[in-house]
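Report on the following structure.
The values are calculated or read from the model by the stated rules, or taken from the named source; none is laboratory data. Predicted model only: the values in this text are computed from it and were never measured. FYI the Cβ positions are ideal-geometry reconstructions off the backbone, even for glycines, and counts take in every protein chain you see. What goes into the accessible areas is simple: the full protein's heavy atoms, side chains included, and nothing from ligands, DNA or RNA. Shrake-Rupley method; radii C 1.70, N 1.55, O 1.52, S 1.80 Å.
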Amino acid sequence: MAQNTWLALLPVLTVLVVSVSTKRALLGLLSGTVVGAILVGGWGFFDTLVGTFGAALSNETVHWLVLVVVLFGILIAYFNISGAVGDFARWTERFVDSRRKSLLLTWLLTIALFIDDYLNALTVGTSMKRVTDRYGVPRSLLGTVVKMTSAPIAVIIPFSTWAVFFSALLEQDGVTVNGSGFGAYLQGLPFVFFGWFALAIGLLLALGVLPLVGPLRRAQERADRTGDTLPEGLSDEERAFELAEDEETGRRPLPFNFLIPIVTLVVVTIVTEVDIVKGSAAAVAVAIVLYLAQRRMSLKQLFDGAFEGVTSMGYVIVLFALAFMVQQINIDLQLAEWVIGATEPVMSGALLPAVVFLVCGVYAYATGAFWDLAAVITPVVLPLAIAMGVDPVLAGTAVFSGAALGSTTCLYGDGIILASKSVGVKPLTLMTSILPYAGAAAVLSLIAYLIAGFAMAG
């Protein structure tokens with residue numbers, strides 16, 4: 001096994017190179033797991049591969065994610081069968097009469113569903129894609145606005161799953177304000193620089209203030225030329241599903257058929273101590289009662305829709321399994337320890353917050369590990385900051401900003417996978433669209449951490 005050497009980088013590099021060169025995220029992840037299995041197991045790499053696959057499938061986080069995406073898949077199928085999404089899209093016509101307003105509503109809905117980035121990435125993409133299609137907004141631009149907002153708002157609002165987790169990390173390592181890690185988290189909110197910059201850039205992009213660059217510019221030119229808001233590379237089945245229109249029945253649109261399940265999801269999630277599985281299950285149950293009572297869905301469609309919802313998430317579930325295999329191999333190769341060891345010499349004094357943000361951001365982007373990263377590196381960074389006379393709250397926010405950067409950009413991170421599914425594009429398409437804007441937010445954040453590091457050191 002290769003331990004604490006640069007070879008630990010090979011699986012990650014393999015994933016990125018193969019994914020980008022072939023435009024196939026699954027192939028990239030599979031290649032990375034094979035390379036990692038060879039490094040870990042040598043000639044017995046096949047046994048290592050099988051063992052890693054078993055470890056990924058037995059991971060409780062994978063079980064939780066599968067439950068969430070399957071329930072969302074079923075809910076989305078019921079939305080489509082009942083015409084709830086189409087009703088919501090038609091209802092928004094009284095408020096949304098321009099491209100700018102459609103994207104601004106997208107940004108505001110993502111802010112409103114701040115509880116968790118999975119929740120807003122799946123819900124907002126699903127509800128808004130028919131609305132933005134009317135104004136020729138490429139699906140990749142819709143996904144970019146959602147993803148530039150989803151993780152950043154979750155890390156900034158202190159009543160989200162992210163805030164709960166990060167507050168616990170601060171308290172666990174003895175960094176508290178008024179006796180609690182939550183107090184320390186509140187004190188550090190102004191310094192979660194990536195969150196603030198990403199939110200601002202997402203808003204400016206929605207308002208049309210920022211120009212479209214790179215893949216987004218080409219997608220917009222194609223949409224203007226052909227009227228097709230979907231990206232190239234989708235299968236005929238995927239394209240047909242995304243472009244399917246509800247039958248015009250002449251009935252008055254009932255937006256509450258969409259809004260009531262979504263409000264149920266949010267409320268139940270909050271009252272069950274941010275348990276999205278329970279919230280999603282409650283939303284599915286409410287949708288079933290609503291649509292059966294209104295005869296917008298038959299019993300046969302109820303069962304067919306459930307099956308369709310599960311199978312529609314098959315690609316996402318396979319991506320998750322492979323992504324967690326890569327993460328497990330990174331743990332076996334001690335990648336985090338190697339990165340920390342390689343960068344500790346430059347983690348000094350006023351430079352510490354900026355270096356921590358850079359290391360965490362790059363590591364999170366390369367590995368798809370966000371909360372895992374924070375759990376591993378926070379116990380190293382906080383004592384180091386205290387020993388160097390650096391504000392540990394500032395150092396902690398650099399870790400959290402780096403995790404949010406990774407969630408916003410990583411090709412095989414759960415955030416990108418779920419958002420790409422909801423808007424109907426491939427993960428690679430969404431990642432390349434986001435990178436110029438997330439990169440700008442990252443550069444601004446790095447500068448801000450440099451300034452804060454020197455100002456607070458003095």
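Per-structure values
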quantity: Residue match in region 382-393 (condition: within 30 Å of Thr132 (Cβ to Cβ) and either in contact (Cβ under 8 Å) with a residue 60 or more places away in the chain or surrounded by 24 or more Cβ atoms within 10 Å (Cβ to Cβ) (or both)); calculated: no
quantity: Where Lys426 falls short, out of the listed (1) crowded, with 24+ Cβ neighbours inside 10 Å; (2) closer than 30 Å to Glu238 by Cα; calculated: (1)
quantity: Pick from region 209-232, criterion among the hydrophobic types (A, V, I, L, M, F, W, C) and touching a Gly at 6+ places or on another chain (Cβ under 9 Å), ranking: modelled with the lowest pLDDT; calculated: Leu230
quantity: Any chance Thr378 is among the polar types (S, T, N, Q) and open to solvent by 10 Å² or more (accessible area, probe 1.4 Å); calculated: no
quantity: Among the candidates Thr378, Thr408, Thr429, residue that is assigned to a helix (DSSP H, G or I), among the polar types (S, T, N, Q) and farther than 25 Å from Leu27 by Cα; calculated: Thr378
quantity: The one condition in (1) open to solvent by less than 10 Å² (accessible area, probe 1.4 Å); (2) on the phi < 0 side of the Ramachandran plot that Gly368 fails to fulfil; calculated: (2)
quantity: Residues that are open to solvent by less than 30 Å² (accessible area, probe 1.4 Å), more than 25 Å from Leu430 (Cα to Cα) and touching a Pro at 6+ places or on another chain (Cβ under 7 Å), drawn from region 23-64; calculated: Gly36
quantity: Sole exception among (1) open to solvent by 40 Å² or more (accessible area, probe 1.4 Å); (2) at pLDDT 90 or above; (3) within 16 Å of Leu67 (Cα to Cα) for Ala282, by number; calculated: (1)
quantity: Qualifying positions in region 129-145 - open to solvent by 10 Å² or more (accessible area, probe 1.4 Å) and within 19 Å of the chain's Cα centre (by Cα); calculated: Lys129
quantity: Pair list, Cβ < 9 Å and 6+ apart or interchain, from region 95-115 residues that are farther than 17 Å from Val266 by Cα to residues that are among the small types (Gly, Ala, Ser) and open to solvent by 40 Å² or more (accessible area, probe 1.4 Å); calculated: Arg99/Gly208; Arg100/Gly208; Leu103/Gly208
quantity: Pick from region 128-143, criterion among the hydroxyl-bearing types (Ser, Thr, Tyr) and part of a helix (DSSP H, G or I), ranking: nearest to Arg99 (Cα to Cα); calculated: Thr132
quantity: Of all residues in region 254-263 being open to solvent by 30 Å² or more (accessible area, probe 1.4 Å) and not aromatic (Phe, Trp, Tyr), the one that is modelled with the lowest pLDDT; calculated: Leu254
quantity: Residue in region 146-157 that is in contact (Cβ under 8 Å) with a residue 60 or more places away in the chain, open to solvent by less than 10 Å² (accessible area, probe 1.4 Å) and within 25 Å of Tyr291 (Cα to Cα) present; calculated: no
quantity: Residues located in region 213-242, provided they are of a type in the set (Ser, Thr, Tyr) and touching a residue at least 12 places away in the same chain (Cβ under 8 Å); calculated: Thr229
quantity: Any hit, region 441-448, residues being without any contact (Cβ under 8 Å) to a residue 60 or more places away in the chain and either open to solvent by less than 10 Å² (accessible area, probe 1.4 Å) or among the acidic types (Asp, Glu) (or both); calculated: no
quantity: Any pair with Cβ under 7 angstrom, 6 or more apart, that starts in region 405-432 at a residue that is under 13 Å from Leu119 (Cα atoms) and ends at one that is among the basic types (Lys, Arg) and buried (at least 24 other Cβ atoms within 10 Å of the Cβ); calculated: Gly415/Lys147; Ile416/Lys147; Ala419/Lys147
quantity: Members of region 173-208 found to be more than 23 Å from the chain's Cα centre (by Cα), in contact (Cβ under 8 Å) with a residue 60 or more places away in the chain and part of a helix (DSSP H, G or I), listed by number; calculated: Ala184, Gln187
